[in-house]
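The structure appears right after this line, and notes come after that.
The values are calculated or read from the model by the stated rules, or taken from the named source; none is laboratory data. On a predicted model such as this, the values are computed, not experimentally measured, just so you know. Cβ: placed from backbone, ideal geometry, glycine included. Neighbour counts: every protein chain shown. Please note that ligands, DNA and RNA were not included when accessible areas were found on the heavy atoms of the full protein model with its side chains. Shrake-Rupley method; radii C 1.70, N 1.55, O 1.52, S 1.80 Å.
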Amino acid sequence: MAKKVITKKIALKKKKKYWVPILATREFDYMEIGESLVAEPSSLVGKKVVVNFMHLTNDIKKQNTKLHFKVKEVKEDKAYTEIVGLEMVEAYIKRVIKKSREKLDDSMQVITKDEVKVQVKSLIITRNQTKGSILALLRKKAREMLIALAKENTYDAFIDMLLTNELQRKMRDTLKKIYPIAVSEIRILQKLSA
């Protein structure tokens with residue numbers, strides 16, 4: 001005789017998912033920069049979000065910069081973030097480099113006043129072609145200035161200076177005494193440790 005096979009249907013319980021808003025830092029008045037569909041809000045901790053700076057400030061001149069946020073905590077079903085990086089758009093960098101100019105790239109690790117290690121990559125473009133000795137001096141002065149500014153300021157103050165273009169302005173004012181500068185920017189900033 002044939003045996004009758006009985007199969008049990010196991011009901012899978014699905015957790016209900018809901019949208020959790022992701023908020024920017026206090027510099028942007030905790031503006032909503034996105035939202036994520038999750039079952040457990042605490043699973044958002046560590047999630048990274050990239051936002052164009054123009055969308056946060058409603059200033060078209062800031063469209064060349066992308067900000068990297070990382071969710072650090074979730075309170076009352078809202079995800080709060082911190083800025084962990086900044087990056088210039090490649091198309092902007094290609095556009096500002098002209099044929100008869102010199103481009104200086106530099107990469108360094110600096111430590112802020114509150115012991116946060118930060119990777120900083122600067123971009124300096126001169127108005128004309130110049131000698132290697134002048135380029136070396138420009139690179140050295142820019143490096144010294146960025147290390148000194150990082151030591152004097154906390155990580156949040158350093159980011160504020162960067163977002164308000166105060167850091168770039170100080171760098172340009174210092175370097176133009178050596179040789180005329182067309183562009184002085186921080187190409188990439190990345191938080192390495194706390």
Search the range 167-190 for residues being touching an Asp or Glu at 6+ places or on another chain (Cβ under 8 Å) and open to solvent by 20 Å² or more (accessible area, probe 1.4 Å), and hand back the single one that is nearest to residue 25 (Cα to Cα).
-> 188
Being among the β-branched types (Val, Ile, Thr) and under 16 Å from the mean Cα position of the chain (by Cα) is the filter; apply it to the range 113-153 and report the residue that is nearest to residue 86 (Cα to Cα).
-> 120
Hits in the range 69-80 (condition: free of Cβ contacts under 8 Å to residues at least 24 places away in the same chain and part of a strand (DSSP E or B)) = 75
Filtered residues of the range 121-135 (kept if loosely packed, with under 15 Cβ neighbours inside 10 Å and either closer than 15 Å to residue 108 by Cα or in contact with a Leu (Cβ under 9 Å, 6 or more places away or on another chain) (or both)) | none
Inside the range 81-107, the number of residues satisfying the requirement of being of a type in the set (D, E, K, R), surrounded by 14 or more Cβ atoms within 10 Å (Cβ to Cβ) and not in a loop (DSSP other than H, G, I, E, B) is 4
For residue 150, work out the one condition from (1) of a type in the set (A, V, I, L, M); (2) out of contact with any helix residue (DSSP H, G or I) (no Cβ under 8 Å at 6 or more places or on another chain); (3) open to solvent by less than 50 Å² (accessible area, probe 1.4 Å) it doesn't fulfil.
-> (2)
Name the residues in the range 59-80 that are of a type in the set (Lys, Arg) and surrounded by 12 or more Cβ atoms within 10 Å (Cβ to Cβ), would you?
-> 62, 66, 70, 72, 78
